[in-house]
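J.: Take this structure, written in structure tokens, and hold onto it; I'll ask about it next.
All of the numbers you see were taken from the coordinates with simple rules; none came from a lab. This is a predicted model, so every value here is computed, not measured. Cβ atoms come from the backbone with ideal geometry, glycine included; neighbour counts cover every protein chain shown.
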Amino acid sequence: MPLPEIRLDVRRRDFLRWLAASPLLASAGGLAGLEPVIAQEAPQRTLDDLVETAQEALDVFDLQRVAAEQVPTAHWGYIMTGVDGEETQANNRAGLERMYLRARRMIDVSSLDTTVALFDREWPTPLMIAPCGYQRAFHPDGELATARAAAARTHLQTLSTVTSTAVEEVNDARGEPVWYQLYARPNWEGTVALVRRSVDAGCPVLVLTVDLNGGSNRLTLERYRRVDDRDCASCHRSGGRADPVRPMLRGLPRGVSDGSSGASMTWAYVDRLRSVTDQKIIVKGLVTAEDAELALRTGVDGIWVSNHGGRAEGDGRATIDALPEISRVVGGRVPVIVDGGFRRGTDLFKGIARGATAVAVGRPYLWGLGAFGQEGVERALQILTRELEITMRAVGTPSLADIGPHSVGVD
Ligand SMILES: Cc1cc2nc3c(=O)[nH]c(=O)nc-3n(C[C@H](O)[C@H](O)[C@H](O)COP(=O)(O)O)c2cc1C
């Protein structure tokens, strides 16, 4: 069933103007304290300097500002939310910003090698598209726009379990099977059905996300939801067989938990998955060396260092700071992917320097999607790739292999 057209009549700017005119504001201490999280991500500029085309965007924050105007209020809250007071989300950025680059001079950087091999496939860049759910809530073309952008610029894309477009259609748009991210279903039977569908669709890699098993406390999402007066129930009524926004869950047995997943999941679950699929298995959401060690013992094919962009749990630690202990334990045996707060080419560089094989982004490409659809996603990927190349030249590291712990520092 097609999603209802996205309505743009509830606008944050209108809401803020209304607030600014409200006598309540004087006693509330001013507007600045009332707008959550956005300021933390985007450097402050006036509201009127929005770019009009994707190509005009100079950094991913230009795309963020346009997306903030385009995406319906509650959906914007869903993109931007962290948990609690957004401390972990902020620390993802702070961890990266604390680091500096140790730039070397007089090195021939006239040609660059940014290729990276992941399993049987070589990619021209280590920049990956992280799995993000419900993309048709941000633009009518949703995951198809992202897949076309990924194809146009040859980036690895991982598709969320809660994609708003079915994996088969996304693979067609991408031109090759994407990696498939798995949220384990409440019952094993449902999980197996989902995994089999991803196998049938040709997805070579299963990314099991494990950082949401305990639930999450997303206050910003709730705040934005409360000021959005659209009829959410028309899309969000979820019912197994007719789920209008999560096509991968349609027809799966819902609601009946057999205690195999969620809060009761342990490493045995990975063994169990192994028994039903030959796909490579990556575990997403690890932030400690101990868990990396256990993951390797379980025989995982890759580790994805992530705190879900600060929107799963509030451990407070930047993923860039968790990365070194994990890369040390892994010692190059399996690929290590990292995400969380990567917004510039210098950030990607820092991730590689601390041992990541590849770096994934979530919000930056969603901003591109919300702002300009496929073109916006392409622009986000292009900006970040170009910035990485500039950084590699500036620091004197002509290939990814030249980037290492010696390339960065922290005061
Ligand atoms: C709107 C949104 C939806 C997300 N949905 C999923 C999801 O369905 N599955 C998943 O494993 N991670 C999901 N994530 C987390 C991303 O895969 C990724 O870990 C995170 O966005 C990286 O941080 P960044 O947004 O700061 O780049 C989502 C993130 C966002 C922002």
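J.: How large is ³J(HN,Hα) for each residue in the stretch 339-344, as worked out from phi by the Karplus curve 6.51 cos²θ - 1.76 cosθ + 1.60 (θ = phi - 60°), to whole Hz, x for Gly and Pro?
T.: 8, x, x, 6, 10, 9
J.: Rounded to the nearest 5, what is the percent of antiparallel bridges among the DSSP beta bridges in the chain?
T.: 20 percent
J.: Quick one: putting +1 on the C-beta of Lys and Arg, -1 on the C-beta of Asp and Glu, what dipole do you get for the chain around its Cα centre, in Debye to the nearest 20?
T.: My answer is approximately 320 debye.
J.: Exposed loop sites here are GluC sites (Glu not before Pro) in DSSP loop states with at most 10 other C-beta atoms within 10 Å. What is the longest stretch of the chain lacking them?
T.: Between the exposed loop sites, the longest stretch runs 53-411.
J.: Let me ask something else. What is the Cα coordinate range of the chain on the first, second and third principal axes, sorted by size from largest, in whole angstrom?
T.: 59, 57, 37
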